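Working notes, structure below.
The values are calculated or read from the model by the stated rules, or taken from the named source; none is laboratory data. Here the structure is a predicted model, which means the values were calculated and not measured. With ideal geometry, Cβ positions are generated from the backbone for all residues, glycine too; neighbour counts draw on all protein chains shown. SASA here: full protein model, heavy atoms, side chains in, ligands and nucleic acids out. Shrake-Rupley method; radii C 1.70, N 1.55, O 1.52, S 1.80 Å.
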Amino acid sequence: MPSCSVTEISKCIVYPEKRSTVADLRLSVSDLPMLSCHYIQKGVLLSRPPPSFSFDDLVSSLRRSLSSTLSLFPALAGRFSTSPSGHIYITCNDSGVEFVAASAKHITVSDVLSPGKDVPLLVREFFVFERLVSYNGHHKPLSAVQVTELDDGVFIGCTVNHSVTDGTSFWHFFNTFADATSGACKIKHLPDFSRNTVFDSPAVLPVPPGGPRVTFDADQPLRERVFHFSREAILKLKQRTNSKVNGIETVVNTEEILGKVSNDGMITNGNGNGNGKITKKKSYDRTAEISSFQSLSAQLWRSVTRARNLDPSKTTTFRMAVNCRPRLEPKMDPYYFGNAIQSIPTMASAGDVLTKDLRWSAGQLHRNVVAHDDATVRSGIADWESNPRLFPLGNADGASITMGSSPRFPMYDNDFGWGKPLAVRSGGANKFDGKISAFPGREGNGSVDLEVVLAPETMAGIENDPEFMQYVSEVSYGC
């Protein structure tokens, strides 16, 4: 693997094409806890543009389309401000975002993909604002884009303040940016900046002197791999967890496997990459069976717990981030811009996770996800308001797993004009032992990629776990 040293070609501030008319946006109950988290860093690996389209042409095109996109997402071109009362706002003042053009022509697409190997550290150099904590949005841009020219491809990395967006809003922006670059005549969905939601609160978050810091050791030795699970493997897992529910034989819902039905009981008219209009599917009861993603998560929980060699009495925690937009009554606008997420912890002893069958672990996850309804969301908000606090990201007890992102996010819809991405990768932000990010597989149809970050000895354990590895397959990137 060649050592990476990305060469910065140019850096500038890109401003919105039109002046913002959006009023200051007060950070919500879901935004404020993220002030101690790193900026989100996600990007797409693309093949080289056509020969007629030089890298300089691409850089100019990206700057123009970013400017026009920021006019639709003015919050990303703003800065934080704190009022005398202690409330923190996004001031949509058109201060702009950082844009970097870079070169790493000694790096190939194959180097980045590294099939069957760890994700190379060189990927982290494709992003701006490495390890920047979100509270710094008071004096740093709230977002940034870096485009890096490789030997035979291009990487476009997007960095966004985590107190400004969750994954849903992040990919909404990224998709719109790609559409604008490709010359789309009409923007599919405008963001909703309304703040008259249950998450809006007068509560004030106490900020420690010097500002918040991440709640985990960012220098801990780690390994990172992307494991691919085909549609067929996911189907086997789901059949395994649903063979009997409450002693009754069940039939697996194939639409959910194909990615058409989400864990929220929604249906998308796409191929599992979320690239479609969202409508309600009335005939599918999301409470009736364990989902494919819950089945996969349960297998990961078992295998990581086994690899950690924990005492059977040790309590393990599997934490899943959930989108609250469709869980509230009435539902929030699906394109609400900001954070609208909560964390669902499922706890069990290491002994129970390992000695009981996979259906049991999957059932624990399923029960908690289904129970996270409107009342639960509102209860979580009230609990935070009674004791405002930063989100404790990390794995303090050595027995936790945190699942973020989602295979429902439309990551492969980011076609900048010459084809969909070859792969999705993330930077070094918010990574610790037990941090998992779920991506859709490139081929769609319900396939899933898990970006797994673990302590080196734990990673070696799951790599040698036949129960886990039997579901893992190599992926064809089409490059």
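Some notes on this structure:
- Subset of region 198-229 that is over 20 Å from the mean Cα position of the chain (by Cα) and open to solvent by less than 50 Å² (accessible area, probe 1.4 Å) - its residue that is farthest from Y336 (Cα to Cα): G211
The rows are residues; the columns are (1) at positive phi; (2) in contact with a Leu (Cβ under 7 Å, 6 or more places away or on another chain); (3) small (G, A, S).
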site: P388; (1), (2), (3): no, yes, no
site: N395; (1), (2), (3): no, no, no
site: R408; (1), (2), (3): no, no, no
site: N414; (1), (2), (3): no, no, no
site: P421; (1), (2), (3): no, yes, no
site: R425; (1), (2), (3): no, yes, no
site: G428; (1), (2), (3): no, no, yes
site: F432; (1), (2), (3): no, no, no
site: V448; (1), (2), (3): no, yes, no
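- For V112: the one exception among (1) in a helix (DSSP H, G or I); (2) open to solvent by 60 Å² or more (accessible area, probe 1.4 Å): (2)
- With respect to the conditions (1) over 27 Å from the mean Cα position of the chain (by Cα); (2) within 17 Å of F173 (Cα to Cα), Q41 lacks only one, and its number is (1).
- The residues of region 374-390 that are buried (at least 18 other Cβ atoms within 10 Å of the Cβ) and of a type outside the set (A, V, I, L, M) amount to a single one, W384.
- Selection count, region 163-197, where residues are hydrophobic (A, V, I, L, M, F, W, C), open to solvent by less than 40 Å² (accessible area, probe 1.4 Å) and over 21 Å from the mean Cα position of the chain (by Cα): 1
- Residue list for region 144-162, filter: farther than 19 Å from G96 by Cα, open to solvent by 10 Å² or more (accessible area, probe 1.4 Å) and in contact (Cβ under 8 Å) with a residue 60 or more places away in the chain: E149, D152
- Count of region 349-361 residues, restricted to those that are within 27 Å of D383 (Cβ to Cβ) and either surrounded by 20 or more Cβ atoms within 10 Å (Cβ to Cβ) or of a type outside the set (G, A, S) (or both), is 3.
- Qualifying residue in region 77-90 (condition: within 19 Å of Q146 (Cα to Cα) and at pLDDT 95 or above): yes
- Residue within region 76-88 that is among the small types (G, A, S) and crowded, with 16+ Cβ neighbours inside 10 Å present: yes
- Of all residues in region 124-143, those being of a type in the set (S, T, N, Q) and crowded, with 23+ Cβ neighbours inside 10 Å number 2.
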